[in-house]
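Below you'll find the structure, written out as structure tokens, and then a few comments.
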Amino acid sequence: MTSSLSAQDDGTIVIIANRGPHDFVWEDGRWIAKTAAGGLMTMIEPLARQPDVAWFCCVSEPPGSEAERDALYTTAKDQTAPDLNVVPVPLPADVYQDYYGEISNEVLWMLQHNLVGQFGYSSLDERRHRAWDNYLHANERMADAVLATEIPVRAFLIQDYHLYPLAEMLRQRYPETASLHFIHIPFPDPSVLKLLPKAWREVMLRGLLGADVVGLQTRADVRSFLSCCAEVLGAEVDFSQRTVRLANGRVVRARAFPASSDPAAIRALQDSPEVQAGRDRIAAVTAEMNVIRVDRLDPSKNQILGFTAFGRLLEAHPELHGRVRFLAFLVPSRTDLTVYRQYHDAVYAEIAAINERFRGTCGFDPIEVLYTNDRAQAVAAMELCDVLLVNSRQDGMNLVVKEWALVSRKPGVLVLSESTGVADDIPDSALLVCPLDVEGTASALAEALAMGGEQRGAWVEQIRNGVHKWTARDWLEAQLKELGLALAAPPAKPEPAPIAEPGVVERELTVRNREGIHARPAAAFVRCAREFDDEIELLKDGERYSAKSILAVLTANLSCGSTFRLRVEGPNADLVAQRLSEIVASFADEDR
């Protein structure tokens, strides 16, 4: 039987991820933090916004001399959010660079996307062996940071490849606490995993087996993980039950949870002024027919061969010159890493060569690049494109496909790499291609542009129906169910408060209940505070604590008999102060 997260007695759900709730966009010559638009934020948001949930993320302490580094460092200030319980865990700049750049992205990401050699994982020198030590150190610091908060933890939800050793480290500190580690990227077969040193791959697998459940994107990923446990560790694996039995008798379950999108959120974005502005902007660069791609500028996305295939399309079909254009929405990614800068230069060189070759006969540059992190603009292009090209070398899932199906109006046709996770779900609703087959991809683009509207519409509708049947919320609820929990229903919107002039109210309150304001009463207090837009703080012992953060309230150490000042600033100050005072008083009543 599952228990609802709205029942607070059992502690806090702790989400742990490398990244926090913000992305970074280069604007006006500097990096600006904006709310993340990626899959992680979209899928965990319904859980992350609940008052009994905390989100731990890694951030970098500023380097000693910024003039000596060109890397982007995300700091604790960048990742805090007023309506989320975010706990940034700072790492020294050199540790962060090794853990995040050298190992997570230049080794693990590349290997798990089968990128070995040029623009990928090629070798491990002395520097990377030292970086591995910092990868382990970063995970240890995260485990210690969680423990140091002393918050009661009901369950851990660990995210992705940056934190492979973490579940085992947490089990040493919280032996009875349930945990699930979800891996968003493809999991390699044993032969690929063996391209890492024996000690490394054993740490990865044993770390994952510290969890009660290992979540992966597809059934193929589950088989790969189980095969690695059997072949690399010699573990007892039951492929039919998808379990691994450890020497101590504990059984770990491996389950597929395909990532998905949030139809309601996508629909709201479509109706936003930002998307309308995006429609206006792209109208100036569209042609009679438009092929688009929307992805991070990353070697795994295989943009170079996608553009080469488009050039081959123009070569083989001169009747398309001046009629078709390729709009490439490329999102800057990991620009501080050398391999990504090299890949950027190679992609732009290929684009320049194709544009130079066909500009005269087309009458314009046949490839138009929009190099920015502008999701609304990309959604505007998805609505009316003729073809969406996704020719990734490998993808855990690829949520762009699902978002495109939700917004496509023309409708368009999907040309899709068969080595993406999403291809398992929609083999009969797309033109599948081998990502290394330039000629085959060019032929598929030609077929897609010539396809009739009735077949286009049927294919898009099939994909769209699949997304509605399995949404981002379903992805999250399925994982919680594996841990014996259930996601609480979205809270009802409160009645509008009476309009009043902005003001400031302060009240001195005393905690009267025997156990003080621990996890359950703190969650009730925070839930009430979040109903209002007013600024609400607790003042105690010269420190200020946000009343909208459960971790802040717990950190205030409001034990029985302690006194604090409640400070409210805003148009509803009197009402808020009264409501919260009554809640604090009600805790004492519960002791009677």
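What follows draws every value from the coordinates through simple rules; no lab data is involved. No experiment lies behind these values; they were computed from the predicted model shown. Backbone-built Cβ (ideal geometry, glycine too); neighbour counts: all protein chains shown.
Odds and ends about this structure:
- In a simple Cβ point-charge model (Lys, Arg +1; Asp, Glu -1; nothing else charged), region 263-467 has a dipole of about 360 debye relative to its Cα centre.
- Restricting the calculation to Cα atoms, every distinct pair contributes to the Kirkwood radius of region 252-370, found to be 16.5 Å.
- Reported value for the chain: 174 Å³ per residue, from the convex hull of its C-alpha atoms.
- For the chain, the longest site-free run once chymotrypsin sites (Phe, Trp or Tyr not before Pro) in DSSP loop states with at most 16 other Cβ atoms within 10 Å are removed: 1-238
- Region 263-467: antiparallel DSSP beta bridges as a percent of all, rounded to 5: 0
- Farthest positive-ward along region 263-467 dipole, Cα basis, beta-carbon charges - from T286, A450, L389: T286
- The chain - percent relative contact order, Cα under 8 Å, separation 6 or more: 13
- Environment charge at L246 (Cβ cut-off 13 Å; Lys +1, Arg +1, Asp -1, Glu -1): +1
- With contacts taken as Cα pairs under 8 Å at a separation of at least 6 residues, region 218-371 carries a relative contact order of 19 percent.
- Amide H contacts of S261 (H built 1.01 Å from N, under 5 Å, at least 5 apart or other chain): A472
- The angle between the Cα long axis of helix 519-529 and the main principal axis of the chain comes to about 70°, on a 0 to 90 degree scale.
- Computed from the Cβ-Cβ distance with R0 of 45 Å, the FRET efficiency linking R130 to R507 stands at 0.25.
- In sequence order, region 260-267 has phi-based couplings of 8, 10, 10, x, 5, 5, 5, 5 Hz under the Karplus curve 6.51 cos²θ - 1.76 cosθ + 1.60, θ = phi - 60°, and Gly or Pro positions carry x.
- Modelled label reach - R267, point 7 Å along Cα→Cβ, region 446-475 residues with backbone N closer than 19 Å: 460-475
- Basic side chains Lys and Arg get +1 at the Cβ, acidic Asp and Glu get -1 at the Cβ, and with that the dipole of the chain about its Cα centre reaches some 860 debye.
- Mean ellipticity per residue at 222 nm, deg cm²/dmol - from DSSP H runs of n ≥ 4 across the chain, formula -39500 (n - 2.57): -12000 deg cm²/dmol
- In region 503-590, Cα pairs under 8 Å separated by at least six residues give a relative contact order of 47 percent.
- Sorted by Cβ density within 10 Å, fewest first, the residues C58, C228, C560: C560, C228, C58
- Cα-based Lys pair tally, the chain, threshold under 28 Å, eight or more apart or on separate chains: 21
- Sites A148 and T361 - FRET efficiency at Förster radius 51 Å, r taken between beta-carbons, to 0.05: 0.20
- The trypsin sites (Lys or Arg not before Pro) of region 134-222 meeting both criteria, a DSSP state outside H, G, I, E and B (loop) and at most 16 other C-beta atoms within 10 angstrom of the site's C-beta, are K194.
- Spread over its residues, the convex hull of the C-alpha atoms of region 263-467 is 109 Å³ per residue.
- Rounded tilt (10° steps) of 219-233 against the dominant C-alpha axis of the chain: 80
- Crossing angle, helix 126-149 versus the chain [Cα axis fit, 0-90 degrees, rounded to tens]: 30
- Expressed to the nearest 5 percent, the antiparallel share of DSSP beta bridges inside the chain is 35 percent.
- DSSP bridge orientation in region 112-250 - percent antiparallel, rounded to nearest 5: 25
- Loop sites here are GluC sites (Glu not before Pro) outside DSSP states H, G, I, E and B with no more than 15 other Cβ atoms within 10 Å. The longest part of the chain free of them is 1-149.
- In order along region 543-548, the Karplus-derived 3J(HN,Hα) couplings, from 6.51 cos²θ - 1.76 cosθ + 1.60 at θ = phi - 60°, round to 10, 10, 10, 5, 7, 9 Hz, and Gly and Pro are given as x.
- Convex hull volume of the C-alpha atoms in region 346-392, normalised per residue: 114 Å³.
- Cut-off under 5 Å, modelled amide H: who pairs with A287 long-range: R325
- Per-residue ³J(HN,Hα) for region 201-211, Karplus 6.51 cos²θ - 1.76 cosθ + 1.60, θ = phi - 60°, Hz, x for Gly and Pro: 5, 5, 4, 4, 5, 5, x, 4, 6, x, 7
- Where N is the number of residues in region 134-269, Cα Rg divided by 2.2 N^0.38 Å: 1.10
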